[in-house]
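Just so you know, all these numbers are worked out from the coordinates, no wet-lab data involved. Please read these numbers as outputs of a predicted model, since none were measured by experiment. Every residue, glycine as well, gets a Cβ built from its backbone with ideal geometry; the counts of neighbours run over all protein chains shown.
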Amino acid sequence: MTIKRLNHAVLYVQDAKASAAFYTEVLGFRVRAALGEQAFFLQADGSDNDHDLALMQVGARPAPPHSIGLYHLAWQVHTLEELAALRTRLTEVGALVGESDHGVSKSLYAKDPDGIEFEVMWAVPRDDWPAEVGTWPLDLAAALNRWPGVDTANQ
């Protein structure tokens, strides 16, 4: 068996309508289907999946930080310019919680209305991958100068 890629993710959320608004207004997903206000099926811009993210309302179920379960999802953008625009948007809505350079990717970390963490990342061109990966402070301006307009979403 060979896994090709993650097709979609399903999140249990407190308020599906509020979460759908966040993912559509901030990350540019679009609603493909809804089951009333209890479940939303969202498609990412540029995706050919039926849906990339499903949001299922279950109400409040607070879990302690760092408990067993999903840590985060990672959404990949095509260009660093898109990543920079998302940094601005995530900051505007108070969702940005961190950013990192992993050598092979440039990453932003944010939380949705339920506190579910997600990553938005740009993949460094494979020819420029370092010998070792790690976590360093993100210098987005330097990356934009080095790889202006480079689209790596299909690598």
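Given a Förster distance of 25 Å, report the FRET efficiency between M56 and L140 from their Cβ-Cβ distance, rounded to the nearest 0.05. Don't jump to the answer; show the numbers that get you there.
Details: r = 34 Å, r/R0 = 1.36.
With a Förster radius of 25 Å, E is 0.15.
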**Study point:** Those residues of the range 85-120 whose amide nitrogen sits under 17 Å from the label point placed on Q14, 7 Å along Cα→Cβ
**Key:** 94-96, 111-118
Point to revise | Difference of contour (0.36 nm per residue) and Cα-Cα distance, A85 to A21 | key: 21.2 nm
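Loop-only GluC sites (Glu not before Pro) in the range 1-102, please: DSSP not H, G, I, E or B, and at most 14 other Cβ atoms within 10 Å.
Values: sites: E25, E37, E81, E82, E92, E99; in loops: E37.
Here the sparse-neighbourhood loop sites are E37.
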Revision key, fill the gap. In this structure, the FRET efficiency calculated for V31 and A131 from their beta-carbon separation, with R0 = 41 Å, to the nearest 0.05, is 0.40
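For an R0 of 35 angstrom, estimate the FRET efficiency from the Cβ-Cβ distance between D151 and A39 and round to the nearest 0.05. Walk me through the intermediate numbers first.
Values: r = 33 Å, r/R0 = 0.94.
Efficiency at R0 = 35 Å is approximately 0.60.
Taking the convex hull of the Cα atoms, report for the chain its projected area averaged over all directions, in nm².
Numbers: hull surface 42.4 nm².
The directionally averaged projection comes out at 10.6 nm².
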